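Since the structure comes first, as structure tokens, the remarks are kept for the end.
The values are calculated or read from the model by the stated rules, or taken from the named source; none is laboratory data. Computed from a prediction, not measured in an experiment: that's the story for all the values here. Using ideal geometry, Cβ is built from the backbone for each residue, glycine included, and neighbour counts are taken over all protein chains shown. Accessible surface areas use protein heavy atoms only, side chains included; no ligands, DNA or RNA. Shrake-Rupley method; radii C 1.70, N 1.55, O 1.52, S 1.80 Å.
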Amino acid sequence: MTAPVTTSVLQVGQTLDKMFTPILDADVEGEALSTGFEASVLGGNLINLPHSPYGQMATQPHNLVVHGSTIGPFNPGCVLCLFMEPVDGRRAAISAEEYRDGYVSTHDGVMLYGQPANANARLILPVTRYSAHDVTLCTPLTATERAQIHKGMYIVTNSVPEGTVQSAIGTNSTLPAFRNLSGLVAGVSDDGLSIFVYGWATEMTRADGTVPSTTSLDKVWDPGRTTPVIYIGASNKTFFHNAFMSYDGQNTAETGASSLIHAMEWAEIDENIVNEPRDYAVSYHGLTMTTNASSPRKLTDDSYHLLLAGGQRTYIKMDPQWWTIPIMSDPIFVNAVQGPGLKAGSTNMIASFSQSTNTGQNTWQAHHMMRLNFYNTRINDDQSGTDYTNITTNIGVGVDGTSSQLGTMQEHIALNPAEYRNGISLCSYIVCGLNVDRDGLTWHTQDVHVTDGKAVFLGDESKKDIGYLFGRLNPSSGTPDLHIVVPANNQGVGSVIVDSALDVNGEASFASLSVHGAANFEEGTAISKGAAYALNSNAGKTLLGADKVGNIVLTQKDSRSGGGLAPASYSLSSLPRSGPTDGVRVWCSDCLLNGIRGVNAYWHSANQHWTDGQNNVLVN
């Protein structure tokens with residue numbers, strides 16, 4: 001020390017009135033240093049600052065500056081080494097290899113090293129009895145043991161409330177609830193046989209006079225112990241670092257602020273690279289978290305590396321460079337923002353998700369990786385790189401490859417495909433068969449199959465179904481039938497309307513047929529037995545059918561009209577002289593028979609002439 005020591009108090013021993021017992025308290029020009037059996041304190045001495053917002057609670061601050069050097073493995077490898085257990089021989093795991101036999105390890109240097117552990121309890125003491133506010137030990141504490149016990153220390157029993165259902169560790173995928181009755185040390189009796197507590201309770205409850213049992217014992221955390229004990233200074237959860245960031249609005253109140261802090265940041269890591277002209281000269285890792293768990297059951301199901309919780313506006317914010325890959329892993333990959341190359345056909349992965357075809361411990365053995373790929377493809381050469389209509393965005397399944405490479409593509413959906421700009425294509429392994437263009441029109445480049453007797457429905461402008469068509473095997477004959485169905489509505493029976501020529505190469509069966517143009521039946525149309533064609537007119541309907549031996553029969557639907565047959569009309573001079581079928585009948589409009597003009601004329605192929613119904617030569 002360069003400044004004079006103005007006050008110095010040396011205390012030997014300890015007291016249970018404070019967690020911290022000073023053995024040296026030095027005040028050097030306002031700076032305070034205190035050290036004791038359990039802790040050392042920099043600063044913290046009460047001082048008189050009339051204008052401090054902290055008032056009577058103001059204390060002397062004291063900063064800590066450490067200049068260190070990392071010169072070798074183990075503890076010399078860390079400037080500040082933190083160990084959680086008060087035990088001799090703890091060594092930092094820094095380049096931690098035995099070197100005295102000539103082995104050369106890595107050459108690591110660590111500013112801050114921590115070694116959290118499942119640390120032992122400070123003391124484990126056998127118990128004879130409990131009361132609501134103390135515990136009686138089997139044997140008195142030694143002087144050294146008594147010096148280890150301080151006011152406010154954890155004190156945990158191996159007693160659980162009567163009737164507690166206990167499940168052993170490993171029987172469930174998460175840890176059991178901690179049900180051991182616990183308290184905090186309030187003091188120790190002069191004879192060292194009793195330890196006083198403020199009360200007993202299970203975690204996160206308030207003491208209510210409960211007295212721990214010496215027979216209802218824990219079978220979860222210390223199952224091999226069959227007698228009652230207490231654990232002094234025992235934690236049941238270890239943290240390496242726990243930052244409790246606190247913002248008090250009273251300190252920044254509009255009516256009078258004592259603090260100017262409104263922005264808070266838990267940690268910032270800046271990598272500053274200067275005076276290095278070479279590429280690939282620096283390897284930088286921001287944060288690495290690992291575990292050597294050898295199977296999925298070593299850790300509980302609720303274990304994790306990173307938990308983001310609470311009402312934060314944004315959990316993860318990224319501001320990458322154009323070459324920066326935000327997420328790189330085999331199961332999940334998010335690529336850099338740069339697009340595909342400017343040449344036609346260039347592709348670039350946007351993101352991919354993958355999973356092995358194998359499972360369990362064989363996941364990485366004989367397997368293929370199935371990858372859901374999102375990628376862009378350049379349609380045509382683009383020197384500017386600004387034509388967004390020149391990019392097809394694809395979503396598809398690839399086999400193997402890598403997280404950033406497509407592998408063998410199986411099937412995919414193409415958005416803005418080359419042939420249907422601003423449209424969508426559904427593509428199989430070989431071809432894109434179903435396409436929707438920018439106007440919503442559907443284009444099928446392959447056959448369309450509707451199976452299992454399902455139908456294709458057609459609707460009107462109001463999205464109501466008008467009709468449908470479907471195929472099935474005829475239940476009677478087993479032959480395939482194609483049905484075109486137009487159901488009736490409240491206005492009447494629906495119709496199938498063919499607005500142009502209709503060519504029927506085989507048999508055709510119609511419940512109702514309205515032909516506005518020409519109908520060409522190369523092999524005729526089939527009418528079911530007993531059925532007939534209906535010929536409509538304004539006056540009535542005539543049915544065209546056949547009798548039992550196949551003769552054509554015209555039947556009146558309405559007895560007041562119809563049923564007649566009017567053949568084509570010719571003049572005698574215009575009657576065809578070659579080509580008619582033998583027996584064809586037409587009407588000769590200017591021929592005379594029995595003084596009456598108009599005669600049925602019949603063609604005789606054998607004689608190649610027309611006659612009337614009595615085989616007379618036609619005259620006019």
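Does ARG122 qualify as being closer than 30 Å to TYR154 by Cα and touching a residue at least 24 places away in the same chain (Cβ under 8 Å)?
yes
Spot the failing condition for ARG472; the list is (1) part of a strand (DSSP E or B); (2) under 36 Å from the mean Cα position of the chain (by Cα); (3) of a type in the set (Lys, Arg), and only one is missed.
Just one mismatch for ARG472, condition (2).
Of everything in region 299-324 that's loosely packed, with under 10 Cβ neighbours inside 10 Å and β-branched (Val, Ile, Thr), which residue is nearest to ILE169 (Cα to Cα)?
If we take residues in region 299-324 being loosely packed, with under 10 Cβ neighbours inside 10 Å and β-branched (Val, Ile, Thr), then ILE316 is nearest to ILE169 (Cα to Cα).
Would you be able to say whether some residue in region 446-455 is loosely packed, with under 11 Cβ neighbours inside 10 Å, among the β-branched types (Val, Ile, Thr) and within 24 Å of TYR375 (Cα to Cα)?
no
Applying the selection to region 257-272, what residues are aliphatic (A, V, I, L, M) and either open to solvent by less than 100 Å² (accessible area, probe 1.4 Å) or in contact with a helix residue (DSSP H, G or I) (Cβ under 9 Å, 6 or more places away or on another chain) (or both)?
Of everything in region 257-272, those that are aliphatic (A, V, I, L, M) and either open to solvent by less than 100 Å² (accessible area, probe 1.4 Å) or in contact with a helix residue (DSSP H, G or I) (Cβ under 9 Å, 6 or more places away or on another chain) (or both) turn out to be ALA257, LEU260, ILE261, ALA263, MET264, ALA267.
Residue under question is ILE155, and the condition is that it be in a strand (DSSP E or B), within 24 Å of GLU38 (Cα to Cα) and open to solvent by 70 Å² or more (accessible area, probe 1.4 Å); does it hold?
Values: in a strand (DSSP E or B): yes; within 24 Å of GLU38 (Cα to Cα): yes; open to solvent by 70 Å² or more (accessible area, probe 1.4 Å): no.
When the stated conditions are applied, ILE155 does not pass them.
Confirm whether SER384 is open to solvent by less than 80 Å² (accessible area, probe 1.4 Å) and modelled with pLDDT of 95 or more.
No.
Return yes when ALA234 is in contact with a Phe, Trp or Tyr (Cβ under 8 Å, 6 or more places away or on another chain), on the phi < 0 side of the Ramachandran plot, open to solvent by less than 60 Å² (accessible area, probe 1.4 Å) and in a loop (DSSP other than H, G, I, E, B) and no when it is not.
Yes: the conditions hold for ALA234.
Which condition does GLY401 not pass, out of (1) over 21 Å from the mean Cα position of the chain (by Cα); (2) at pLDDT 95 or above; (3) not charged (D, E, K, R), if it passes all the others?
All conditions are met except number (2).
Just one of PHE239, PHE196 is touching a residue at least 60 places away in the same chain (Cβ under 8 Å), open to solvent by 60 Å² or more (accessible area, probe 1.4 Å) and not in a loop (DSSP other than H, G, I, E, B); which is it?
On inspection, the qualifying residue turns out to be PHE196.
If I go through region 459-471 residue by residue, how many of them are touching a strand residue (DSSP E or B) at 6+ places or on another chain (Cβ under 8 Å) and either at pLDDT below 90 or among the small types (Gly, Ala, Ser) (or both)? Give the steps one after another, and end with the answer.
Within region 459-471, the first condition is being touching a strand residue (DSSP E or B) at 6+ places or on another chain (Cβ under 8 Å), and the residues that meet it are 459-460, 465-471.
Subsequent filtering for residues that are either at pLDDT below 90 or among the small types (Gly, Ala, Ser) (or both) retains 459-460, 465-467, 471.
The qualifying residues number 6.
Search region 486-514 for residues being open to solvent by 90 Å² or more (accessible area, probe 1.4 Å) and touching a strand residue (DSSP E or B) at 6+ places or on another chain (Cβ under 6 Å), and hand back the single one that is modelled with the highest pLDDT. Quick ask: steps written out before the conclusion?
So the first thing to find is which residues in region 486-514 are open to solvent by 90 Å² or more (accessible area, probe 1.4 Å), and the list is 489-491, 493, 497, 499, 503, 505, 507, 509, 511.
Next cut, touching a strand residue (DSSP E or B) at 6+ places or on another chain (Cβ under 6 Å) only: 497, 503.
Values: ILE497: 80, ASP503: 73.
Looking at the filtered set, the residue picked out is ILE497.
For region 94-119, what are the residues that are open to solvent by less than 70 Å² (accessible area, probe 1.4 Å) and either out of contact with any Leu (no Cβ under 9 Å at 6 or more places or on another chain) or within 30 Å of TRP221 (Cβ to Cβ) (or both)? Show your work before the answer.
Quick first cut of region 94-119, residues open to solvent by less than 70 Å² (accessible area, probe 1.4 Å) only: 94-96, 102, 105, 109-110, 113-117, 119.
Residues satisfying the conditions are ILE94, SER95, ALA96, GLY102, SER105, GLY109, TYR113, GLY114, GLN115, PRO116, ALA117, ALA119.
Having 1 or more residues that are at negative phi, free of Cβ contacts under 8 Å to residues at least 24 places away in the same chain and of a type in the set (A, V, I, L, M) is the bar; report the strands (runs of 3 or more DSSP E) wholly within region 549-620 that clear it.
Here the list reads 552-556, 585-593, 596-604.
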